[in-house]
Amino acid sequence: MNPLTPFFILRDSSKEIPLTLSSLWIHLKSVTESTAPSRQLLDAGGVSRCLDQIADDIHARWPNEPKLALVGVYRRGVPFAEAIAARLKAKGRVVELGRIDITQYRDDLQTMAVLPKLEGSEIGFDLDNAVVILCDEVIHTARTSRAALDELLDFGRPRCVQIAALVDRVGRELPLTSEYAGIRVNLPSNERVSVRFIDGDGHDEVFVKAWEKKTA
């Protein structure tokens, strides 16, 4: 299965089923998209410029680093990491590339309406003493970043871990920040940032749209 293909698992709300690695179920609470029109934050050109700048900043911060790795967080953190890695390699850098699935490390499993299928993590290189850039398309509360860090440290002991995000949204609930970001935004709580990448979505774009929570 393509790792970017969405696959969701739902639970019958009348039953109590324990969470396991092979069966992650939750009570059904639907989250539906509002009929309000979306608002574009970045078009394809804007996304490309942000990716160029993030790659330039990483290159400048670690000019002679022999163990540089980018690790994308499923789902769209993966094409984000791949796009940055391609730009660094074009500069002649040697970059390791990995991906992690944070599902089993989330602290909100009991409250989510749907859960993506466990994709599994792929770290095919030695993390010890490496400089690792965790890549996620959006950082907001930083809870995803916390879960990603927990997962990452199960694979080894990096010398340094930093966070890169295409969109840094105001609203931290944990003391983590992005050292590299394309844009920084402050949005109402009822709006959701959505990112699209040409690898998997067919085009590059960042937009905002209002979402409503409804009880099933």
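The values are calculated or read from the model by the stated rules, or taken from the named source; none is laboratory data. Only a predicted model underlies this, so the values are computations on that prediction, with no experimental measurement involved. Neighbour counts are summed over all protein chains in view; Cβ atoms, including those assigned to glycine, are modelled from backbone coordinates with ideal geometry.
State whether the residues of the range 26-33 include one that is at pLDDT below 65, of a type in the set (A, V, I, L, M) and buried (at least 17 other Cβ atoms within 10 Å of the Cβ).
Yes, the range 26-33 contains a residue that is at pLDDT below 65, of a type in the set (A, V, I, L, M) and buried (at least 17 other Cβ atoms within 10 Å of the Cβ).
Considering only residues in the range 37-63 that are under 26 Å from residue 201 (Cα atoms) and part of a loop (DSSP other than H, G, I, E, B), the one that is modelled with the lowest pLDDT turns out to be 37. Taking the range 117-138 as the range and being among the aliphatic types (A, V, I, L, M) and either under 21 Å from residue 59 (Cβ atoms) or in a helix (DSSP H, G or I) (or both) as the test, the residues that pass are 127, 130, 131, 132, 133, 134.
Considering the range 169-208, the residues that are touching a strand residue (DSSP E or B) at 6+ places or on another chain (Cβ under 6 Å) and polar (S, T, N, Q) include one that is surrounded by the most Cβ atoms within 10 Å (Cβ to Cβ), namely 178.
Residues checked against (1) in a loop (DSSP other than H, G, I, E, B); (2) modelled with pLDDT of 95 or more:
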position	(1), (2)
150	no, no
171	yes, yes
175	yes, yes
178	yes, yes
207	no, yes
211	no, no
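Of the residues making up the range 180-193, those that are modelled with pLDDT of 95 or more and of a type in the set (Gly, Ala, Ser) are 181, 182. Of all residues in the range 42-80, those being within 19 Å of the chain's Cα centre (by Cα) and among the polar types (S, T, N, Q) number 2. Of the residues 93, 75, 87, the single one that is more than 17 Å from residue 181 (Cα to Cα), in contact with a Leu (Cβ under 8 Å, 6 or more places away or on another chain) and at pLDDT 95 or above is 93. Screening residue 66 against (1) at pLDDT 95 or above; (2) of a type outside the set (Asp, Glu); (3) in contact with a His (Cβ under 8 Å, 6 or more places away or on another chain); (4) loosely packed, with under 13 Cβ neighbours inside 10 Å leaves a single unmet condition, (3).
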